[in-house]
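One structure below.
The values are calculated or read from the model by the stated rules, or taken from the named source; none is laboratory data. Nothing here was measured: the structure is a model prediction, and the numbers come from that model. We place every Cβ from the backbone using ideal geometry, glycine too, and count neighbours over all the protein chains shown. Protein only, heavy atoms only, side chains kept; ligands, DNA and RNA dropped before computing areas. Shrake-Rupley method; radii C 1.70, N 1.55, O 1.52, S 1.80 Å.
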Amino acid sequence: MEPVQLPDEAAFRAFQAECETELGWLSRYNRDGIAVWGQLPPQGDFAVHRVKGRVNMPEVSAETVFDVLHDTEYRKKWDLNVIETHEIARLSDNADVGYYSWKCPKPLKNRDVVTLRSWRVLDKSYVILNFSVKHQKYPPRKDLVRAVSLLAGYLVQPTGPSSCCLTYLAQVDPKGSLPKWVVNKASQYLAPKLMKKMYKACLKYPSWKQQHNAGKKPWLHPEQSLLPTMPLSELSLQHASSLENIDESGLTEAKEEKGDISGSEN
């Protein structure tokens with residue numbers, strides 16, 4: 001078992017820098033305030049897919065986006081790809097471990113992940129990081145493919161008192177030999193669609209939250225958390241090499257498919 005450590009400030013700042021740079025990234029989509037980039041797999045490792053998306057959000061504050069990214073109850077309302085999502089345990093005031101499963105484009109198998117999530121405020125910007133871990137009570141399921149989030153997260157930067165920019169970056173091994181149409185669709189269609197959906201969800205969140213435990217935000221007020229606490233020593237890093245590979249490279253695209261391969265977990 002490889003021990004798990006919480007990200008330090010250097011890790012958060014390195015992630016922020018990667019979100020902000022375009023060096024080494026290939027533009028896949030740029031339209032209507034939404035941009036998506038892809039990056040070639042490192043050293044010919046075709047299992048790893050890196051995608052980065054950015055969306056400008058007028059009329060939405062950075063604080064609201066940060067709340068939406070944390071609020072799992074609200075996510076079940078707007079994220080149509082989600083099968084199941086919940087926090088498992090609290091690790092610290094700004095870190096938890098959680099479970100997320102999502103629908104993939106047919107005929108691919110659906111995926112799930114168990115991730116450690118940590119968050120921090122840096123110079124008025126909000127940063128959320130997550131990566132895959134092993135949890136004894138959440139082993140891989142037979143009906144889902146356990147994907148691996150090597151590193152994923154969000155950078156939310158204010159652009160005004162009631163506007164912001166959200167950047168999403170994911171380095172994910174979906175555990176399978178994916179057809180090229182899936183990789184292309186994830187960056188050119190599914191990622192922009194997800195960001196548009198997220199923007200609409202952020203616009204509607206303040207009014208929704210007023211009707212649903214308006215004052216409860218344990219990600220801002222840890223004393224409100226009802227989650228059990230858990231020591232880091234009970235978790236270990238999830239390596240892709242220890243999971244089964246699924247060969248889906250020969251599958252052809254199904255008509256009227258819905259789903260997301262990018263692994264846009266919390």
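Database remark: amide H of residue 86 closer than 5 angstrom to the amide H of 99 (H placed geometrically; neighbours at sequence offset of 5 or more, or on other chains; Pro and chain starts carry no H). Which distance in Å, rounded to a whole number, links the C-alpha centroids of region 149-173 and region 226-240? With region 149-173 and region 226-240 each reduced to a Cα centre, they are spaced 24 Å.
A Cβ-based charge dipole, computed about the Cα centre of region 14-157 with Lys and Arg at +1 and Asp and Glu at -1, lands at about 760 debye. Computed on the Cα atoms alone, the convex hull of region 9-230 gives a volume of 133 cubic angstrom per residue. Net charge of the neighbourhood of residue 91, taken over other residues with C-beta under 13 Å away and scored Lys/Arg +1, Asp/Glu -1, is -2. The mean sequence distance of close C-alpha pairs (under 8 Å, at least 6 residues apart), as a share of the length of region 9-230, puts its relative contact order at 24 percent.
Taken about its Cα centre, region 1-88 carries a charge dipole of roughly 460 debye when the Cβ of each Lys and Arg holds +1 and the Cβ of each Asp and Glu holds -1. Report for region 9-230 the percent antiparallel among DSSP-assigned beta bridges with both residues inside it, nearest 5. Within region 9-230, antiparallel bridges account for around 95 percent of the total. How much accessible area per residue does region 60-172 have, counting only protein heavy atoms and a probe of 1.4 Å, in square angstrom? So region 60-172 comes to 37 Å² accessible per residue, rounded to a whole number. Amide hydrogen proximity for residue 29: with H placed 1.01 Å from N in the peptide plane, the residues at 5 or more positions away or on another chain lying under 5 Å are 36.
Once all protein chains are placed together, residue 208 keeps about 40 Å² accessible to a 1.4 angstrom probe. With θ taken as phi - 60° and the Karplus curve 6.51 cos²θ - 1.76 cosθ + 1.60 applied, the whole-hertz 3J(HN,Hα) list for region 197-213 is 5, 5, 4, 4, 5, 5, 4, 8, 4, x, 5, 5, 5, 4, 9, 9, 6 Hz, x standing for glycine and proline. Work through the residues other than residue 60 whose Cβ is under 12 Å from its Cβ and net out their charges, Lys, Arg +1 and Asp, Glu -1. Counting the neighbours of residue 60, the net charge comes to -1.
Spatially, region 8-36 and region 64-112 are offset by 22 Å when compared through their Cα centroids.
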